[in-house]
Amino acid sequence: MRLLFLGDLLGRAGRNAVIDRLPALIVEYSLDFVVVNGENAAGGFGITEDILRQVLGAGADVVTTGNHVFDQREALVFAERHQRFLRPANYPAGTPGRGSGLYMARSGARVLVINAMGRVFMDALDDPFAVIDRELAACPLGEQADAVVVDFHAEASSEKQALAYHLDGRVSLVVGTHTHVPTSDYRVLPGGTAFQTDVGMCGDYQSVIGMNHDEPVRRFLHKVPGERFSPAEGPATIAGLTVEIDDATGLALAVAPLRLGGVLAEAIPAFPTPVP
Ligand SMILES: [Fe+2]
Ligand SMILES: [Fe+2]
(Lines give C-alpha, C1' and ligand atoms only; values in the text may rest on other atoms or scores of the structure.)
(Ligands and ions follow the chains in the order given, each with its own letter.)
Protein backbone atom coordinates (compact mmCIF):
# COMPACT_ATOMS: atom_id res chain seq x y z
CA MET A 1 0.00 0.00 0.00
CA ARG A 2 0.97 3.58 -0.56
CA LEU A 3 0.88 5.99 2.33
CA LEU A 4 1.35 9.75 2.52
CA PHE A 5 2.07 11.64 5.72
CA LEU A 6 1.87 15.45 5.69
CA GLY A 7 3.52 17.66 8.31
CA ASP A 8 1.85 20.24 10.54
CA LEU A 9 -0.63 22.40 8.62
CA LEU A 10 0.36 25.98 9.37
CA GLY A 11 -2.47 28.50 9.20
CA ARG A 12 -4.48 29.45 6.15
CA ALA A 13 -1.56 29.10 3.70
CA GLY A 14 -0.72 25.56 4.77
CA ARG A 15 -4.22 24.21 5.15
CA ASN A 16 -5.52 25.68 1.89
CA ALA A 17 -2.57 24.31 -0.07
CA VAL A 18 -3.34 20.84 1.28
CA ILE A 19 -7.11 21.09 0.93
CA ASP A 20 -6.67 22.26 -2.69
CA ARG A 21 -4.09 19.70 -3.80
CA LEU A 22 -4.69 16.57 -1.75
CA PRO A 23 -7.62 15.21 -3.80
CA ALA A 24 -5.50 15.21 -6.99
CA LEU A 25 -2.45 13.79 -5.18
CA ILE A 26 -4.50 10.83 -3.97
CA VAL A 27 -5.46 10.02 -7.56
CA GLU A 28 -2.09 10.82 -9.12
CA TYR A 29 -0.09 8.63 -6.75
CA SER A 30 -2.76 5.99 -6.04
CA LEU A 31 -2.57 6.74 -2.33
CA ASP A 32 -4.24 4.18 -0.10
CA PHE A 33 -3.96 6.12 3.14
CA VAL A 34 -3.22 9.72 4.14
CA VAL A 35 -2.34 11.09 7.59
CA VAL A 36 -2.08 14.85 8.18
CA ASN A 37 -0.85 16.61 11.31
CA GLY A 38 -3.30 19.47 11.89
CA GLU A 39 -2.16 20.99 15.18
CA ASN A 40 -1.45 24.48 13.74
CA ALA A 41 -4.20 24.64 11.12
CA ALA A 42 -6.28 27.42 12.75
CA GLY A 43 -4.23 30.63 12.68
CA GLY A 44 -1.18 28.64 13.77
CA PHE A 45 -2.79 27.48 17.01
CA GLY A 46 -4.91 24.35 17.14
CA ILE A 47 -7.69 23.32 14.81
CA THR A 48 -11.41 24.03 14.58
CA GLU A 49 -14.06 21.45 13.79
CA ASP A 50 -14.83 23.23 10.52
CA ILE A 51 -11.19 22.98 9.40
CA LEU A 52 -10.99 19.36 10.57
CA ARG A 53 -14.00 18.55 8.36
CA GLN A 54 -12.39 20.30 5.37
CA VAL A 55 -9.12 18.36 5.77
CA LEU A 56 -10.96 15.05 6.12
CA GLY A 57 -13.16 16.03 3.18
CA ALA A 58 -10.06 16.61 1.03
CA GLY A 59 -9.09 12.98 1.58
CA ALA A 60 -7.13 12.76 4.83
CA ASP A 61 -7.94 9.50 6.61
CA VAL A 62 -6.65 10.67 9.98
CA VAL A 63 -5.69 14.07 11.45
CA THR A 64 -3.06 13.91 14.18
CA THR A 65 -1.95 16.74 16.48
CA GLY A 66 0.50 17.57 19.27
CA ASN A 67 1.03 20.15 21.99
CA HIS A 68 -1.31 22.64 20.28
CA VAL A 69 -4.24 20.20 20.08
CA PHE A 70 -6.52 22.12 22.45
CA ASP A 71 -5.48 25.70 21.60
CA GLN A 72 -8.94 26.10 20.03
CA ARG A 73 -11.05 25.19 23.02
CA GLU A 74 -13.84 23.69 20.90
CA ALA A 75 -11.42 20.77 20.31
CA LEU A 76 -12.05 19.70 23.92
CA VAL A 77 -15.58 18.87 22.78
CA PHE A 78 -15.26 17.67 19.18
CA ALA A 79 -12.24 15.46 19.98
CA GLU A 80 -14.72 13.07 21.58
CA ARG A 81 -16.96 12.64 18.55
CA HIS A 82 -14.40 12.46 15.71
CA GLN A 83 -12.89 8.98 15.41
CA ARG A 84 -10.41 10.28 12.83
CA PHE A 85 -9.00 13.02 15.08
CA LEU A 86 -6.12 12.09 17.37
CA ARG A 87 -4.34 13.84 20.24
CA PRO A 88 -1.17 12.49 21.87
CA ALA A 89 -1.79 9.07 23.44
CA ASN A 90 0.41 9.84 26.45
CA TYR A 91 -1.74 12.72 27.74
CA PRO A 92 -3.10 12.09 31.25
CA ALA A 93 -5.98 9.68 31.72
CA GLY A 94 -9.27 11.53 31.34
CA THR A 95 -8.06 13.92 28.61
CA PRO A 96 -10.77 14.28 25.94
CA GLY A 97 -10.32 12.40 22.68
CA ARG A 98 -8.17 9.43 21.76
CA GLY A 99 -4.50 8.85 20.99
CA SER A 100 -4.81 6.00 18.52
CA GLY A 101 -7.24 4.32 16.17
CA LEU A 102 -7.56 1.46 13.71
CA TYR A 103 -8.75 2.52 10.25
CA MET A 104 -9.49 0.91 6.90
CA ALA A 105 -7.29 2.02 3.99
CA ARG A 106 -8.62 2.27 0.42
CA SER A 107 -6.71 -0.98 -0.28
CA GLY A 108 -8.68 -2.72 2.49
CA ALA A 109 -5.66 -2.85 4.82
CA ARG A 110 -6.20 -2.18 8.53
CA VAL A 111 -4.00 0.74 9.57
CA LEU A 112 -3.23 1.48 13.21
CA VAL A 113 -2.30 5.14 13.74
CA ILE A 114 -0.70 6.22 17.02
CA ASN A 115 -0.03 9.86 17.95
CA ALA A 116 2.37 10.45 20.86
CA MET A 117 4.38 13.35 22.23
CA GLY A 118 7.98 13.56 23.35
CA ARG A 119 9.11 14.73 26.81
CA VAL A 120 12.47 16.37 26.08
CA PHE A 121 12.09 20.18 26.10
CA MET A 122 8.32 19.68 26.19
CA ASP A 123 5.56 19.34 28.78
CA ALA A 124 5.84 16.46 31.26
CA LEU A 125 3.64 13.62 30.07
CA ASP A 126 3.44 9.86 30.50
CA ASP A 127 6.32 7.84 29.02
CA PRO A 128 5.66 7.72 25.25
CA PHE A 129 7.79 4.60 24.77
CA ALA A 130 5.73 2.63 27.27
CA VAL A 131 2.42 3.99 25.99
CA ILE A 132 3.24 3.04 22.39
CA ASP A 133 4.40 -0.41 23.50
CA ARG A 134 1.03 -0.92 25.18
CA GLU A 135 -0.83 0.19 22.04
CA LEU A 136 1.20 -2.26 19.94
CA ALA A 137 0.67 -5.10 22.39
CA ALA A 138 -3.08 -4.59 21.99
CA CYS A 139 -2.93 -4.38 18.20
CA PRO A 140 0.28 -5.90 16.80
CA LEU A 141 1.51 -5.47 13.24
CA GLY A 142 0.81 -8.67 11.30
CA GLU A 143 -2.07 -9.63 13.56
CA GLN A 144 -4.82 -7.03 14.11
CA ALA A 145 -3.03 -4.39 12.01
CA ASP A 146 -1.69 -4.60 8.44
CA ALA A 147 0.24 -1.34 8.81
CA VAL A 148 1.16 0.88 11.77
CA VAL A 149 1.92 4.62 11.58
CA VAL A 150 3.42 6.51 14.54
CA ASP A 151 3.37 10.33 14.54
CA PHE A 152 5.90 11.23 17.25
CA HIS A 153 5.44 14.89 18.05
CA ALA A 154 8.69 15.88 19.70
CA GLU A 155 11.36 18.55 19.92
CA ALA A 156 14.58 16.55 20.36
CA SER A 157 16.01 14.66 17.39
CA SER A 158 17.60 12.17 19.79
CA GLU A 159 14.27 11.24 21.37
CA LYS A 160 12.66 10.75 17.95
CA GLN A 161 15.53 8.60 16.68
CA ALA A 162 15.59 6.52 19.87
CA LEU A 163 11.87 5.82 19.55
CA ALA A 164 12.32 4.84 15.90
CA TYR A 165 14.99 2.24 16.73
CA HIS A 166 12.93 1.03 19.70
CA LEU A 167 10.01 0.39 17.30
CA ASP A 168 12.06 -0.81 14.30
CA GLY A 169 10.47 -3.90 12.78
CA ARG A 170 7.25 -3.49 14.76
CA VAL A 171 5.69 -0.55 12.88
CA SER A 172 5.57 0.61 9.25
CA LEU A 173 6.51 4.24 9.87
CA VAL A 174 7.80 6.48 12.65
CA VAL A 175 7.66 10.11 11.57
CA GLY A 176 8.62 13.13 13.63
CA THR A 177 6.52 16.29 13.72
CA HIS A 178 6.57 19.57 15.71
CA THR A 179 9.79 21.34 14.68
CA HIS A 180 8.28 22.49 11.34
CA VAL A 181 11.64 21.93 9.62
CA PRO A 182 12.06 18.88 7.35
CA THR A 183 15.15 16.78 7.95
CA SER A 184 16.94 14.97 5.11
CA ASP A 185 17.41 11.67 6.96
CA TYR A 186 14.37 9.79 5.62
CA ARG A 187 15.27 6.13 5.34
CA VAL A 188 14.20 2.57 6.03
CA LEU A 189 15.74 1.25 9.25
CA PRO A 190 17.34 -2.25 9.34
CA GLY A 191 14.21 -3.91 10.71
CA GLY A 192 11.97 -2.43 8.00
CA THR A 193 10.49 0.66 9.65
CA ALA A 194 10.46 3.86 7.59
CA PHE A 195 11.67 6.91 9.51
CA GLN A 196 12.24 10.65 9.23
CA THR A 197 13.32 12.73 12.22
CA ASP A 198 10.96 15.54 11.20
CA VAL A 199 8.70 15.79 8.19
CA GLY A 200 8.47 19.60 8.36
CA MET A 201 5.35 21.73 8.01
CA CYS A 202 2.88 22.50 5.28
CA GLY A 203 3.14 26.28 5.28
CA ASP A 204 5.06 29.36 4.18
CA TYR A 205 8.76 28.70 4.84
CA GLN A 206 9.61 32.40 4.35
CA SER A 207 9.01 32.64 8.12
CA VAL A 208 10.22 31.53 11.54
CA ILE A 209 8.69 28.05 11.85
CA GLY A 210 5.61 29.27 10.00
CA MET A 211 5.10 32.60 11.75
CA ASN A 212 5.77 36.03 10.25
CA HIS A 213 9.39 36.61 11.20
CA ASP A 214 9.15 40.17 12.58
CA GLU A 215 7.78 39.28 16.00
CA PRO A 216 10.00 36.22 16.65
CA VAL A 217 13.07 38.26 15.70
CA ARG A 218 11.92 41.11 17.97
CA ARG A 219 11.52 38.75 20.93
CA PHE A 220 15.00 37.32 20.45
CA LEU A 221 16.46 40.82 20.22
CA HIS A 222 14.58 42.46 23.07
CA LYS A 223 13.21 39.63 25.22
CA VAL A 224 9.82 41.31 25.59
CA PRO A 225 6.68 40.28 23.74
CA GLY A 226 5.14 42.83 21.41
CA GLU A 227 2.45 41.65 19.05
CA ARG A 228 0.92 38.20 18.83
CA PHE A 229 2.53 35.67 16.52
CA SER A 230 0.75 35.56 13.18
CA PRO A 231 1.08 32.86 10.52
CA ALA A 232 3.03 33.77 7.38
CA GLU A 233 0.61 33.84 4.47
CA GLY A 234 2.93 33.58 1.46
CA PRO A 235 2.95 30.59 -0.89
CA ALA A 236 3.03 27.37 1.10
CA THR A 237 5.23 24.35 0.60
CA ILE A 238 3.45 21.05 1.13
CA ALA A 239 6.00 18.91 3.01
CA GLY A 240 5.35 15.23 3.43
CA LEU A 241 6.72 11.74 3.37
CA THR A 242 5.62 8.96 1.05
CA VAL A 243 6.01 5.32 2.03
CA GLU A 244 5.55 2.15 0.02
CA ILE A 245 4.48 -0.57 2.45
CA ASP A 246 4.71 -4.31 1.80
CA ASP A 247 1.17 -5.70 1.97
CA ALA A 248 2.47 -9.05 3.23
CA THR A 249 4.61 -7.82 6.14
CA GLY A 250 3.40 -4.28 6.82
CA LEU A 251 7.01 -3.09 6.72
CA ALA A 252 8.40 -0.33 4.49
CA LEU A 253 9.87 -1.07 1.07
CA ALA A 254 10.80 2.50 0.20
CA VAL A 255 10.44 6.03 1.48
CA ALA A 256 10.75 9.43 -0.20
CA PRO A 257 9.96 13.05 0.62
CA LEU A 258 7.24 15.03 -1.09
CA ARG A 259 7.62 18.80 -1.43
CA LEU A 260 5.27 20.85 -3.54
CA GLY A 261 5.00 24.60 -4.04
CA GLY A 262 6.43 27.55 -2.12
CA VAL A 263 10.07 28.36 -1.46
CA LEU A 264 11.20 24.82 -0.55
CA ALA A 265 9.79 23.12 -3.61
CA GLU A 266 12.43 21.24 -5.56
CA ALA A 267 12.59 18.41 -8.05
CA ILE A 268 12.30 15.77 -5.38
CA PRO A 269 10.89 12.38 -6.38
CA ALA A 270 7.29 12.50 -5.39
CA PHE A 271 6.89 8.79 -4.73
CA PRO A 272 9.31 5.96 -4.16
CA THR A 273 9.75 3.05 -6.48
CA PRO A 274 9.36 -0.18 -4.56
CA VAL A 275 12.35 -2.43 -4.19
CA PRO A 276 11.81 -5.39 -6.58
FE1 LIG B 1 3.36 22.17 14.93
FE1 LIG C 1 3.92 21.09 18.14
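Here are the numbers:
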{"read-out": "Assigned charges on the beta-carbon of Lys, Arg, Asp, Glu; the stretch 89-191 dipole about Cα centre (debye)", "value": "280"}
{"read-out": "Cα shape, the stretch 80-192, gyration tensor, a/c 1.5 rule", "value": "oblate"}
{"read-out": "Inter-probe distance in nm under a simple model that places probes 7 Å from Cα toward Cβ, at Ser230 and Asp247", "value": "5.1"}
{"read-out": "Order of exposure, largest accessible area first, which applies to Met201, Met104 with probe 1.4 Å", "value": "Met104, Met201"}
{"read-out": "The chain - Rg (one decimal) and Dmax (whole number), Cα, Å", "value": "17.3, 57"}
{"read-out": "Protection proxy ranking of 150-162, 181-193 - average other beta-carbon atoms within 10 Å, highest first", "value": "150-162, 181-193"}
{"read-out": "Dipole magnitude of the stretch 130-276 about its Cα centre (Cβ charges: Lys, Arg +1; Asp, Glu -1), debye to nearest 20", "value": "440"}
{"read-out": "Positive dipole terminus of the chain, leading residue within His178, Pro190, His68 (C-beta point charges)", "value": "His68"}
{"read-out": "Between the stretch 180-204 and the stretch 102-151, the alpha-carbon center distance in angstrom", "value": "17"}
{"read-out": "Global form of the stretch 175-238, assessed from the alpha-carbon gyration tensor, a/c cut-off 1.5", "value": "prolate"}
{"read-out": "Residue-normalised accessible area of the stretch 125-189, given per residue in Å² at a 1.4 Å probe", "value": "36"}
{"read-out": "Length released on extending from His166 to Val217, taking residue separation times 0.36 nm less the Cα-Cα span", "value": "14.6 nm"}
{"read-out": "Overall form of the stretch 35-135 per C-alpha gyration tensor (a/c, 1.5; a/b vs b/c)", "value": "oblate"}
{"read-out": "Label point distance in nm, Thr183-Ala137, each placed 7 Å from Cα along Cα→Cβ", "value": "2.8"}
{"read-out": "Inter-label distance, nm, simple model (7 Å from Cα along the C-beta direction), Glu28/Val77", "value": "3.8"}
{"read-out": "For the chain, size of Cβ-based charge dipole, Lys and Arg +1, Asp and Glu -1, in debye", "value": "260"}
{"read-out": "Selection from Met117, Ile132, Leu56, by position along the positive dipole direction of the stretch 1-154 (Cβ)", "value": "Leu56"}
{"read-out": "Among Val27, Pro92, Gln161 - extreme Cα towards positive end, dipole of the chain, charges at beta-carbon", "value": "Pro92"}
{"read-out": "Kyte-Doolittle at least 0.0, axis length at least 24 Å by Cα - qualifying DSSP helices, the chain", "value": "11-28"}
{"read-out": "Rounded percent of accessible protein surface that carbon and sulfur make up, the chain, 1.4 Å probe", "value": "54"}
{"read-out": "Space enclosed by the convex hull of the alpha-carbon atoms of the stretch 140-276, per residue, Å³", "value": "122"}
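The values are calculated or read from the model by the stated rules, or taken from the named source; none is laboratory data. Given the structure is predicted, the values throughout are model-derived calculations rather than measurements. Please note: Cβ atoms are built from the backbone with ideal geometry, for glycine as well, and neighbour counts cover all protein chains shown. Ligands, DNA and RNA are stripped out before the accessible areas are found, and what is left, the full protein with its side chains, is counted by its heavy atoms. Shrake-Rupley method; radii C 1.70, N 1.55, O 1.52, S 1.80 Å.
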